[in-house]
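Data first, discussion second: the structure below is written as structure tokens.
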Amino acid sequence: MKAMQDQMTPVERGTAIAQGLEADRLPCNPNIANGVARVYGCKISEFNHNPKAVAEAQVATYRKFGCDGLRIFTDLFVWAEAMGSQAALPDDDTADLAVPAISSVEEISRLQPANPYKDGRLPVLIEAMKYLAEMAGGEVGCSAGVAGAFTNAFFLFGVNETLRLIHKNPEAVHELSRVSLETCKAYVKAALDLDIGFGVTISEPMSSCTVVSPAVFRKFSLPYLKELVDFIKGFGVKPVIHICGQTDKIWNDVADLGIAGMSIDNVASLKDCCKTIGHKTKIMGNVDPGGVMYSGNPQDIRRKTLECIRDAYDSPQGYVVMSGCSLPVDTPFENIQTMMDTVRDVGYPVSLEKVEELLSQYAD
């Protein structure tokens, strides 16, 4: 299944870099998300009920581009939906929240943790992991994606309603997050109990400093994020965490959880992130997924990818070239290929002089 553009498999590459040995290039993961349906040739709605399609789309994308990671993750609303929320499921686009599970604080006590083997679309994702592990054959790292407990709480009660609740009834937010956390833990346990070598990625967009203050994050999200991270580490696995938007004021809080990597959005400073927490964890990011990867031309992608490499290639705990968040579904294949090829052109170990030379071709 090896991606023909590369001299090494992602697992070989990651192992070599970790051991200080020669490698062909830096790891690169464009975070293609549901755009994998475009590669595979199916509608996104197929992922709602067909676990084999979820896995085969990931593999098709790896074969086409050679990205350094595969993830079973379709949208942020799967866990809330399994707890009673209603998701809008378009025929050929990513799901969205339609109706929260509850509409009053009094209903919080009725919420029950989801059963990952029975509820909503969770069983489809668990089954997809089995298919993907078999298809990947140990040559590319795979992970189970999960929404964090704080973020999932917003989708149980509604985003605006939960934001108001933070100030009006803080204990209710904790109650929402606690039951939400139990669903997250049950899902992660089901994934890791498969014992197929999967990692875990946690998406916590509502923890962003763009959404809530650092003080709110530390009070309402961090305790549950820590419990989830510790729970995952109990299986011998360190998770990767992605938080959208501005995150600079909480970088240390997140890195101090003892995670495998921190993925940051394009609005955050990659250089500053490496300086602040690069000695604590691997840094991942952060080419603009919309303004550059989706809307830009190949020259834009090449320049921004080179700038990210220049700013982060020597981060002490390692660096993975990524988009700042999931790519829009219809991101041009040519742009994704350009990101991958740019990383290949730079090679490894990274020569700053070579990167600067390549960047000089795009000077304004």
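The values are calculated or read from the model by the stated rules, or taken from the named source; none is laboratory data. Quick caveat: nothing in here was measured; it's all calculated off a predicted structure. Every residue, glycine as well, gets a Cβ built from its backbone with ideal geometry; the counts of neighbours run over all protein chains shown. For the accessible areas, the whole protein counts, side chains as well, though only heavy atoms, and no ligand, DNA or RNA atoms are used. Shrake-Rupley method; radii C 1.70, N 1.55, O 1.52, S 1.80 Å.
Distance between the 7 Å Cα→Cβ label points at H49 and S269: 5.1 nm. Only helices enter the 222 nm calculation for the chain: every DSSP H run of n ≥ 4 contributes -39,500 (n - 2.57), and dividing by all residues gives -13000 deg cm²/dmol, rounded to 500.
Mean sequence separation of contacting Cα pairs (under 8 Å, at least six apart), scaled by the length of the chain, corresponds to a relative contact order of 18 percent. What the chain shows is 40 Å² of accessible area per residue, with the surface traced by a 1.4 Å probe over protein heavy atoms. Let a ≥ b ≥ c be the square roots of the eigenvalues of the Cα gyration tensor of region 271-359; is it rounded (a/c under 1.5), or, if not, prolate (a/b larger than b/c) or oblate? Oblate.
Here region 1-69 is treated with +1 on each Lys and Arg Cβ and -1 on each Asp and Glu Cβ, and its dipole about the Cα centre works out to around 280 debye.
Comparing Y187, G35, V124 along the charge dipole axis of the chain, the residue lying farthest to the positive side is Y187, per the Cβ-charge model. The Cβ shell under 10 Å around P27 holds other residues with a net charge of +2, Lys and Arg each +1, Asp and Glu each -1.
From the coordinates of this entry, semi-axes √(5λ) of the Cα gyration tensor in Å is computed, and it appears in (i) 49, 19, 18; (ii) 33, 23, 19; (iii) 30, 23, 19 under the label (ii). A simple spin-label model places pseudo-atoms 7 Å from Cα toward Cβ; at L352 and Q112 they are separated by 5.9 nm. Distance from the C-alpha centroid of region 303-364 to that of region 63-111: 31 Å, rounded to the whole angstrom. Using the structure shown, select from K168/K238; K249/K354; K130/K282; K130/K226; K189/K282; K185/K249 the pairs with a Cα to Cα distance greater than 29 angstrom. Over 29 Å Cα-Cα: K168/K238; K249/K354. Only beta bridges with both residues in the chain are counted; by DSSP, about 10 percent of them are antiparallel.
Computed about the Cα centre, the dipole magnitude for region 75-163 is approximately 360 debye when only Lys and Arg (+1) and Asp and Glu (-1) carry charge, each at its Cβ.
On the chain, 48 percent of the accessible area sits on carbon and sulfur atoms, based on a 1.4 Å probe.
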